[in-house]
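Report on the structure given below.
What follows draws every value from the coordinates through simple rules; no lab data is involved. It should be emphasised that the depicted structure is a prediction, and the values quoted were computed from it without experimental measurement. So basically every Cβ, Gly included, is an ideal-geometry build from the backbone, and we count neighbours across all protein chains shown.
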Amino acid sequence: MKPFRIGTRGSPLALVQANMVRDALIATHGWAPEAVEIVTVRTTGDRVQDRALADIGGKALWTKELDGALMDGGIDCAVHSMKDVETFRPTGIVIAAMLPRADVRDRILGAESVAALPRGARVGTSSPRRAAQLRRLRPDLNIVLFRGNVDTRIAKLAAGEAEATLLAAAGLARLGRDVGHPVPVETMLPAPAQGAVGIEAHAGDDRALGLIAAIGDPATHACVSAERGLLAALKAGCHSPVGALATIEGAVLTLRAELLSEDGTGHVHTQEAGAPGDPELPRAIARDLLDRAPPEVRRLFAA
């Protein structure tokens, strides 16, 4: 019997996450290690490192080559950081499961907190959300472009290209990098789906869908689906600064969300609760946010 093939990008973090999925499949199904193969696929997002993704095609640059391999049958599933997966996926591809979510927060490197940054400090990021949130909190800061994987950005910081940078706590933890200080979600709401690892499969591959579903975490799936549902309702693009976080307690899902202008001067936020899996909750939140958003925020959304 041929191995179950897991497709992934080749970055260190992507490979760690693919191996997390591999280990979960082996443990859950009692497979021998050789029953799973990791297939590395080089993406456009990995090749182009000198420009912001929002300027050259957005999140699809992380996924389109893996999508092609999945649709062509070259791999049985694809593993993604869910925050890097575009909101509207190709027909025929299904998010089959998500692993239990890790720390959703950002971590700041180079200072103990955003408030502790020196006046006029340069902060490296390529995220429109982080840039807008930083400018709202600290209009004096200078935002400079930082692209590349985790170690590349840490190296840029060490080389003095900026005084600070922000990275996802989950990615740092998965790579064993105990650096930086956590930023409370009350200070900076994370990106939708931050901290979640998703596994996609072909919609017609019932065997793969069943095998993957067995390792999924339903609470993570419900929360991330609500956050992605908000993005879909907003028709948010790569230039649209959005923070969102869903949490579940008992039978109640609470979704917090904020929209910002690019310079951080415009801002609107809300928090609502509903039933996990209710598609109307993120839609209602999107309508409320856009109804109350100032023009400089509303223009960044196509809803």
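Results, tabulated for the structure shown:
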{"read-out": "Computed E for GLU296/HIS239 - FRET, C-beta separation, R0 22 angstrom, nearest 0.05", "value": "0.95"}
{"read-out": "Separation of the GLU249 and ASP278 label points, Cα + 7 Å toward Cβ, nm", "value": "1.7"}
{"read-out": "Surrounding net charge for LEU134, when Lys and Arg each add one and Asp and Glu each subtract one, Cβ distance under 13 Å", "value": "+1"}
{"read-out": "Antiparallel DSSP beta bridges within segment 106-183, percent to nearest 5", "value": "60"}
{"read-out": "Spatially proximal lysines relative to LYS64 (Cα-Cα < 21 Å; intrachain offsets below 8 disregarded)", "value": "LYS83, LYS235"}
{"read-out": "Total formal charge among the other residues, if their Cβ is under 12 angstrom from that of ASP205, Lys/Arg +1 and Asp/Glu -1", "value": "-1"}
{"read-out": "Karplus-derived HN-Hα couplings along segment 136-142 (A = 6.51, B = -1.76, C = 1.60, θ = phi - 60°), whole Hz, x at Gly and Pro", "value": "5, 6, 9, x, 7, 5, 10"}
{"read-out": "Where only C-alpha atoms are counted, convex hull volume of segment 181-303 per residue in Å³", "value": "132"}
{"read-out": "Cα principal axis extents for the chain, largest first, Å", "value": "61, 46, 35"}
{"read-out": "Cα-based equivalent ellipsoid, segment 231-298: semi-axes from gyration tensor eigenvalues, Å", "value": "23, 11, 10"}
{"read-out": "Under 15 Å, Cβ to Cβ, from ALA275 - net charge with Lys/Arg +1 and Asp/Glu -1", "value": "-3"}
{"read-out": "Selection of GluC sites (Glu not before Pro), segment 91-185, meeting DSSP coil and at most 15 other Cβ within 10 Å", "value": "GLU112, GLU161"}
{"read-out": "For segment 106-184 versus segment 258-302, the gap between their alpha-carbon centres in whole angstrom", "value": "25"}
{"read-out": "Amide proton proximity set for ALA121, modelled H, under 5 Å, gap of 5+", "value": "ASN142"}
{"read-out": "Relative packing of 18-25, 122-129, which averages over residues the other C-beta atoms within 10 Å, highest first", "value": "122-129, 18-25"}
{"read-out": "Spin-label model distance (nm) - THR187 vs MET1, 7 Å beyond Cα toward Cβ", "value": "5.0"}
{"read-out": "Label-to-label distance, nm, for residues given as VAL179 and HIS269 (7 Å Cα→Cβ offset)", "value": "2.8"}
{"read-out": "Segment 231-298, relative contact order [Cα under 8 Å, separation at least 6], %", "value": "29"}
